[in-house]
Amino acid sequence: MSLRVSNLRLPVGEPEANLPAHLARALGVLPTDLGGWRVVRKALDLRDKRELRFVYNFEVEAPAAAPRADPAVHVESVTEPPFAMPDPGPAPLPHRPVVVGSGPGGLVCAYFLALHGYRPVVLERGTKVNDRIRDVRTFDEGGVFHPESNYLFGEGGAGTFSDGKLTCRGSGPDVMRVLELFAECKGQQPGRPNILYYHRPHLGSNRLPAVVKAIRRKIEELGGEVRFLTRVEDVRVDAAGLAGVATSSGFVAASAVVLAPGHSARDTYAMLAARGVPMSPKAFQFGVRVEHPQAVVNEVQFGPRHGHYESLLGNADYSLVAHGKNDLFTFCMCAGGHVIPSVSQEGFFCTNGMSLSKRDSPYANSGLVVTVPVEEFGAADVLAGVRLQEQYERKAFELGRGEYRSPVQRARDFVRGRPTTGAVKSSYPRGVLIADLRDVLPPVVAEAVRHGLPQMDRRWQGRFLPDAVLVGPEARGSSPVRIDRDSETRESPGVPGLYPVGEGAGFAGGIVSAAVDGLRTARALIAKYARPTA
Ligand SMILES: Cc1cc2nc3c(=O)[nH]c(=O)nc-3n(C[C@H](O)[C@H](O)[C@H](O)COP(=O)(O)OP(=O)(O)OC[C@H]3O[C@@H](n4cnc5c(N)ncnc54)[C@H](O)[C@@H]3O)c2cc1C
């Protein structure tokens with residue numbers, strides 16, 4: 001039996017080598033009486049600025065006698081089921097399973113299918129990650145936009161140039177298995193927090209391409225295949241059911257298709273809607289990026305000894321909520337990061353954020369978003385939310401003079417409804433232009449931002465607004481569409497054999513949750529079918 005020991009609080013400077021001694025003292029036993037133990041969570045507690053602490057949770061093999069010594073520490077017995085995959089189902093797949101999209105959802109699904117001998121074929125519209133790095137850099141530096149190789153499309157999906165925060169609301173063996181896969185693929189990062197238990201694990205955009213490449217190589221070594229510059233353009237169904245997919249490079253026969261296109265493949269959504277694949281409109285997050293000098297964030301979060309804590313912990317992050325008719329909340333905060341052009345379609349503009357593993361830019365940025373309810377979409381059809389995004393993204397493109405410059409406004413001016421004057425500094429790489437950001441936000445979002453910003457400023461004792469710059473819009477906080485699926489079988493109710501997965505299908509919001517969704521779909525597919533015969 002294992003014990004879960006939680007709430008052991010230690011100063012942030014305490015060396016991890018001393019953990020066994022602290023753990024034994026908290027349990028009232030000698031260090032030599034401790035059996036196996038491991039950290040399962042390590043979180044930073046910023047509440048007492050005089051002495052910041054890490055709060056540790058452990059899993060410990062029950063010591064022989066444990067009269068608990070520290071009353072602040074909670075001890076309970078735990079029995080968690082181990083990670084498991086099913087035996088293959090009875091009916092063999094007539095064709096190799098096809099996975100559409102190589103983002104975290106598709107890639108991790110393909111990895112587990114490959115691991116169990118199903119030799120998946122991954123179809124990815126974009127390029128290999130090395131070519132993608134070149135195309136993204138060219139765009140950042142003011143060069144041309146590549147519609148199939150950008151921040152959203154290409155090997156690794158949106159995950160490749162994401163910030164690489166591996167946070168996930170869920171927990172349990174599937175989440176741990178995905179984190180173990182990422183940890184195995186990320187290479188050495190001496191001195192970095194352990195992603196298996198740190199409460200805000202972060203890889204950084206510079207580390208992600210290697211992870212993506214390593215997972216792809218594993219898929220290939222296990223008999224799978226990844227085809228790049230292969231865009232799925234149609235789903236073919238005949239009298240016998242799902243027949244395969246038509247792609248930009250020809251037809252691929254398949255009776256099981258995992259559909260993980262992410263939330264920016266608007267042409268794919270349109271194709272699915274035209275084919276009558278059951279889908280529903282879904283509330284989604286829309287807002288702006290808010291950017292501060294990182295030094296301000298460090299002072300607010302770390303307090304008077306911020307210099308000391310910066311040297312121990314690096315740059316600080318934050319998370320805030322402002323309540324109102326529609327809540328405003330920060331999302332995907334990038335400490336020491338950059339605002340980027342999160343563009344996947346020519347003629348449309350949208351921002352997002354990322355940081356490198358060192359998180360060492362002088363700027364901090366965060367999404368500042370509102371959940372837009374379906375009733376605000378202005379129409380009831382399944383693609384109404386997509387059109388709402390496009391309406392404001394097109395306007396933002398025009399305000400940026402068709403050059404993918406970003407509209408910006410000082411946050412204080414936005415709240416007061418007055419124009420910004422003078423130069424505005426931002427990490428956004430292609431240049432910024434002063435604008436009235438109300439022009440690029442649906443009224444429900446603009447109102448929640450105007451109402452919520454002063455609340456956030458009060459939470460920071462007047463330090464949030466003075467230096468804050470709004471950069472945007474950030475129109476794609478999540479998917480405006482759900483591709484329906486059966487909760488048991490994970491298949492589309494209209495097209496058996498079609499398995500919608502990940503963020504674009506509306507079942508995930510982030511790298512780890514999309515990857516876990518992919519893993520669970522691989523499990524469902526394995527349980528139903530035996531390995532392919534062809
Ligand atoms: C800049 C940025 C920063 C982010 N930061 C974080 C973060 O720090 N932490 C976090 O958890 N999440 C972050 N996210 C969100 C995260 O990246 C996504 O939630 C995640 O990548 C979704 O995974 P997915 O597999 O569902 O879709 P995606 O990653 O979007 O992958 C979809 C893939 O499908 C391909 N595709 C689309 N249509 C087709 C088609 N018709 N045929 C073939 N291929 C197709 C695309 O090219 C793409 O490669 C960030 C996102 C962005 C854009």
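The values are calculated or read from the model by the stated rules, or taken from the named source; none is laboratory data. All figures in this text were calculated on a predicted structure; none of them were measured in a lab. Positions of Cβ are generated from backbone atoms using ideal geometry, with glycine treated the same way; all protein chains shown enter the neighbour counts. Heads up: the accessible areas ignore ligands, DNA and RNA and are worked out on the full protein's heavy atoms, side chains in. Shrake-Rupley method; radii C 1.70, N 1.55, O 1.52, S 1.80 Å.
Could you check the stretch 479-534 and list, in sequence order, the residues that are in the same structural domain as Asp238 (by TED's automatic domain parsing), among the polar types (S, T, N, Q) and within 10 Å of the ligand (Cβ to nearest atom)?
Within the stretch 479-534, Ser513 is the sole residue that qualifies.
Checking the condition assigned by TED's automatic domain parsing to the domain that holds Leu519, over 23 Å from the mean Cα position of the chain (by Cα), of a type outside the set (Ser, Thr, Tyr) and under 26 Å from Met354 (Cβ atoms), which residue from Gly159, Gly106, Gly142, Gly117 passes?
Gly142
Checking the conditions here, which among Phe182, Phe139 is open to solvent by less than 20 Å² (accessible area, probe 1.4 Å), within 14 Å of the ligand (Cβ to nearest atom) and at pLDDT 95 or above?
Phe139
Report every pair of residues separated by at least 6 positions or lying on different chains whose Cβ atoms are under 9 Å apart, first residue within the stretch 502-515 and without any contact (Cβ under 8 Å) to a residue 60 or more places away in the chain, second near the ligand (Cβ under 6 Å from one of its atoms).
Phe507/Gly105; Phe507/Ala514; Gly509/Glu503
Right, Gly337: at negative phi and open to solvent by less than 10 Å² (accessible area, probe 1.4 Å) or not?
In short, yes.
Would you point out the residue of the stretch 357-382, among those that are in contact (Cβ under 8 Å) with a residue 24 or more places away in the chain and acidic (Asp, Glu), that is nearest to Ala210 (Cα to Cα)?
Restricting to residues being in contact (Cβ under 8 Å) with a residue 24 or more places away in the chain and acidic (Asp, Glu), the top hit is Asp360.
Restricting to the stretch 218-227, count the residues that are in a helix (DSSP H, G or I) and open to solvent by less than 20 Å² (accessible area, probe 1.4 Å).
Total satisfying the criteria: 1.
Which numbered condition in (1) surrounded by 18 or more Cβ atoms within 10 Å (Cβ to Cβ); (2) over 30 Å from Tyr56 (Cβ atoms) is the only one that Val175 fails?
So Val175 meets the others, but not (2).
Pick from the stretch 258-298 the residues that are within 25 Å of Val501 (Cα to Cα), buried (at least 24 other Cβ atoms within 10 Å of the Cβ) and not small (Gly, Ala, Ser): which of them is farthest from the ligand (Cβ to nearest atom)?
Phe286
Please specify each residue of the stretch 1-39 satisfying the condition of being open to solvent by less than 30 Å² (accessible area, probe 1.4 Å) and within 13 Å of Asn57 (Cβ to Cβ).
Correct list: Leu3, Val5, Ser6, Leu8, Leu10, Leu19, Leu23, Ala26, Val39.
Which one of the conditions (1) farther than 30 Å from Ala243 by Cα; (2) modelled with pLDDT of 95 or more; (3) assigned to a loop (DSSP other than H, G, I, E, B); (4) open to solvent by less than 40 Å² (accessible area, probe 1.4 Å) does Gly477 fail to meet, given that it meets all the rest?
Unmet condition: (2).
What number of residues within the stretch 279-296 are more than 23 Å from Tyr392 (Cβ to Cβ) and under 25 Å from the mean Cα position of the chain (by Cα)?
Final tally of qualifying residues: 3.
Just checking, does the stretch 66-80 include any residue being basic (Lys, Arg) and open to solvent by less than 50 Å² (accessible area, probe 1.4 Å)?
no
Could you grab me the full set of residues in the stretch 145-172 that are modelled with pLDDT of 90 or more and open to solvent by 40 Å² or more (accessible area, probe 1.4 Å)?
His146, Pro147, Ala158
Would you confirm whether any residue within the stretch 204-217 is more than 14 Å from the ligand (Cβ to nearest atom), crowded, with 19+ Cβ neighbours inside 10 Å, over 29 Å from Arg476 (Cα atoms) and modelled with pLDDT of 95 or more?
No, the conditions are met nowhere in the stretch 204-217.
Do we have Pro88 as in contact with a Ser or Thr (Cβ under 9 Å, 6 or more places away or on another chain), touching a residue at least 12 places away in the same chain (Cβ under 8 Å), within 17 Å of Gly497 (Cα to Cα) and surrounded by fewer than 24 Cβ atoms within 10 Å (Cβ to Cβ) here?
No.
One line per residue, one yes/no per condition, for (1) in contact with a helix residue (DSSP H, G or I) (Cβ under 9 Å, 6 or more places away or on another chain); (2) aliphatic (A, V, I, L, M):
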| site | (1), (2) |
| --- | --- |
| Gly223 | yes, no |
| Glu233 | yes, no |
| Ala243 | no, yes |
| Ser249 | no, no |
| Asp267 | no, no |
| Leu272 | no, yes |
